[in-house]
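The structure appears right after this line, and notes come after that.
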Amino acid sequence: MTAPTRVDHFIAGQRAAPAFGGGTHAVVNPATDETLAEVDLVAVRAAEDAVAAAREAFPAWAAMPVGDRCQFLFRYKQVLETHFEELAGMIVKEHGKTLAEARGDVRRGIDCVEFACAAPTLMMGKSLPQIAVSSSFCRTEDKSGVGIDSTVDRVPLGVCVGITPFNFPVMVPLWMWPMAIACGNTFVLKPSEKVPLSAVREVELAHEAGLPKGVLNLVTGGPKVVDYLITHDDVRAVSFVGSTRAGKHIYTTATAAGKRAQCMCGAKNYMVIMPDANQDAVIEGVIGSAFGNTGQRCLAGSVAIAVGDAGTWLVPRLVEAAKKIKVAPGCDAGVGMGPVIDVASKERILGFIASGEQDGATLTFDGRKAAMPSQGCFVGPTIFDNVRPGMKIADEEIFGPVLSVMREDTLDAALATLNRSRYGNMAVIFTSSGYSARRFRTHAQVGMVGINVGVPAPMAVFPFAGWKQSFFGDLHANGEDAVKFYTESKVVVSRWM
Ligand code: NAD
């Protein structure tokens, strides 16, 4: 038997072998239980080298005209298109997604690279001539005094750090570093220890597209490496995507150390089904939202609230649709749902199913009994009915293929239920009434609203993040917020005598 590959860091333009002095993490294909590679979890020395490389690269990179920096991103987009299937295949292996989902992961990531190519426009500042007049230095041709002009420029920060979760191995890093470097920063990426292989390749391909060394670096690791990076004197900003528990810690630690931070965190997402909704659109939307990516999305619909008599058709039709989902390895023909990420996740999800039964919810479709491979981390789609607020399955993030159905008499009661949540990532309504849709978008306390859409997905051009415990920070990911996050504003007031 050959030893598993050791996952390299990528520092100053090249792969760097890990030292493996402390803890390690095994990267496992969750569909087959095969160990693919081993990650150095406590690579603090490598993190130090990565920050040093980013610091050294910063002055020349920041001084390069933004249009020249973007030329690299245009080339990188082409390189990603060329390696599209390779990256998607890597995601299927290390994460377990279906091939279609893995392709979506890469495609949405490429969108972010394309958006970052617009940095010359997005970084433009503002100016206001003649904000005041100085009478101290009157010239004969300008008796009222010389004019004073003001501008605001957007300038890069320096070394930025990104910490990413397992569930979108290629896309989430691309939410961060392309815009960060387009704005003139340099970057250190710490990908999830569960899915580092496609992230290392993503960074390596950037260098095949001609990125100068040190502009983008990657170090593997776990919490110790994260804590080192987010408190490092040379780091100016921290972007995090992951659980609320880790995000809260990272936000408080990084901001206490004087860093700018944005932490996109966990979720519990509600979908409200009105009696007047288009039934086919509901079933397609709710099933896709709850079971797509095996429920491992921060935008996964986790609770469907049937309003009025909607539950009478909703539950039987959901069960009928769930029965048709093929649970299998991601590359199998006709697969609808792959495995969850690892054994610990599977056990956590099975614990939630058991708690739903104990709390008295009705288990209408039991994913534990679905037809699925005996090896690997598979859990079938699961549907509970008659779920009430206060039950664990109603309140906590499950991050797996478990859908809870609740019943409420009115839209306002449904809104009250979803607004109880300590999370506020997204909420969705299905209705044919403009009035209900408008009332919902006005009163749902979430960052992303879907109207007749199961997943109001992040788009590169729009800011993306939740509210409440789903987000810590001020500026969201993507869109104009990302440009503001990765730049500092500098106001210049000038007077020429
Ligand atoms: P996670 O929090 O376990 O890990 C995310 C990253 O943080 C990893 O790189 C990990 O190494 C690091 N980390 C974990 N614990 C840490 C600690 N104590 N100190 C410092 N660093 C730590 O999250 P995950 O399981 O990889 O991802 C799933 C979570 O991410 C879910 O809660 C999901 O909702 C959330 N998520 C949120 C968004 C969003 O945009 N809001 C998007 C994707 C995923």
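The values are calculated or read from the model by the stated rules, or taken from the named source; none is laboratory data. Because the structure is a prediction, the values reported are computed rather than measured. Using ideal geometry, Cβ is built from the backbone for each residue, glycine included, and neighbour counts are taken over all protein chains shown. The protein model used for the area step is the full one, side chains on, heavy atoms only, and it has no ligands, DNA or RNA in it. Shrake-Rupley method; radii C 1.70, N 1.55, O 1.52, S 1.80 Å.
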(request) Return the lysines within reach of residue 194: Cα separation strictly under 24 angstrom, same-chain partners fewer than 8 residues apart disregarded; answer none if there are no such residues. (result) 93, 97, 224, 248, 268, 346
(request) Just grab the label-to-label distance for residue 284 and residue 253, each label 7 Å out from Cα along the Cβ direction, in nm (one decimal). (result) 4.5 nm
(message) At a 10 angstrom cut-off on C-beta neighbours, averaged per residue, how do the peptides 142-155, 108-121 rank from highest to lowest?
(response) 108-121, 142-155
(message) Could you compute the net charge surrounding residue 239? Neighbours are other residues with a C-beta less than 12 Å from the C-beta of residue 239; K and R count +1, D and E count -1.
(response) +3
(request) Compute the distance in nm between two label points, each set 7 Å from the Cα along the Cα-to-Cβ direction, one at residue 451 and one at residue 138. (result) 5.9 nm
(request) Show me 89-100, 16-27 ranked by packing, highest mean number of other Cβ atoms within 10 Å first. (result) 89-100, 16-27
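As an exercise, use a Förster radius of 25 Å and the Cβ-Cβ distance of residue 357 and residue 313 to find the FRET efficiency, rounded to the nearest 0.05.
On the way: r = 25 Å, r/R0 = 0.99.
Efficiency, from the Cβ-Cβ distance: 0.50.
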(message) Could you check the spin-label model distance between residue 126 and residue 439? Points 7 Å from the Cα along Cα→Cβ, value in nm.
(response) 3.7 nm
(request) Grab the eigenvalues of the alpha-carbon gyration tensor for the chain, scale each by 5, take roots, and send me the semi-axes largest first in whole angstrom. (result) 42, 31, 18
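What net charge is computed for the residues neighbouring residue 197, neighbours being all others with C-beta under 9 Å from the C-beta of residue 197, Lys and Arg scored +1, Asp and Glu -1?
Values: positive: 93, 201; negative: 94.
After counting each charged neighbour, the total is +1.
Working from the alpha-carbon coordinates of segment 72-168, get Rg over Rh, Rh being the Kirkwood radius.
On the way: Rg = 24.5 Å, Rh = 18.0 Å.
Rounded to two decimals, Rg over Rh is 1.36.
Considering every pair of different Cα atoms, what Kirkwood radius, in Å, is found for segment 269-451? It would help to have the intermediate numbers written out before the result.
Values: mean 1/r = 0.0615 Å⁻¹.
Its Kirkwood hydrodynamic radius stands at 16.3 Å.
Tell me, what is the per residue accessible area of the chain in Å², probe radius 1.4 Å?
40 Å²
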(message) Tell me the Rg and the Dmax, in Å, that the Cα atoms of segment 67-117 produce.
(response) 12.0, 38
(message) With n ≥ 4 as the cut-off for DSSP H runs, can you work out [θ] at 222 nm for the chain, using -39500 (n - 2.57) per run divided by the number of residues, rounded to the nearest 500?
(response) -12000 deg cm²/dmol
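Segment 414-497: which chymotrypsin sites (Phe, Trp or Tyr not before Pro) are DSSP loop and have at most 16 other beta-carbon atoms within 10 angstrom? Don't jump to the answer; show the numbers that get you there.
Details: sites: 423, 430, 435, 440, 464, 467, 471, 472, 485, 486, 496; in loops: 486, 496.
When the chymotrypsin sites (Phe, Trp or Tyr not before Pro) of segment 414-497 are filtered for loop state and at most 16 Cβ neighbours within 10 Å, 496 remain.
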(message) Using only the alpha-carbon atoms, how far is helix 279-291 inclined from the longest principal axis of the chain? Give it as 0 to 90 degrees, nearest 10.
(response) 70 degrees
(message) Could you compute the net charge surrounding residue 146? Neighbours are other residues with a C-beta less than 14 Å from the C-beta of residue 146; K and R count +1, D and E count -1.
(response) 0
(message) Taking 22 Å as R0, compute the FRET efficiency from the Cβ-Cβ separation of residue 56 and residue 490 and round it to 0.05.
(response) 0.40
(message) Once neighbouring chains are kept in place and the probe is 1.4 Å, which whole percent of the accessible area of the chain is contributed by carbon and sulfur?
(response) 54 percent
(message) If the only charges are +1 at each Lys and Arg Cβ and -1 at each Asp and Glu Cβ, what is the size of the charge dipole of the chain around the Cα centre, to the nearest 20 debye?
(response) 700 debye
(request) Would you mind listing how long segment 1-130 runs along its three principal axes, going by Cα atoms, in whole Å with the largest first? (result) 73, 38, 24
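What percent antiparallel are the DSSP beta bridges of the chain, to the nearest 5? It would help to have the intermediate numbers written out before the result.
Working: 33 of 75 bridges.
If we restrict to bridges inside the chain, about 45 percent are antiparallel.
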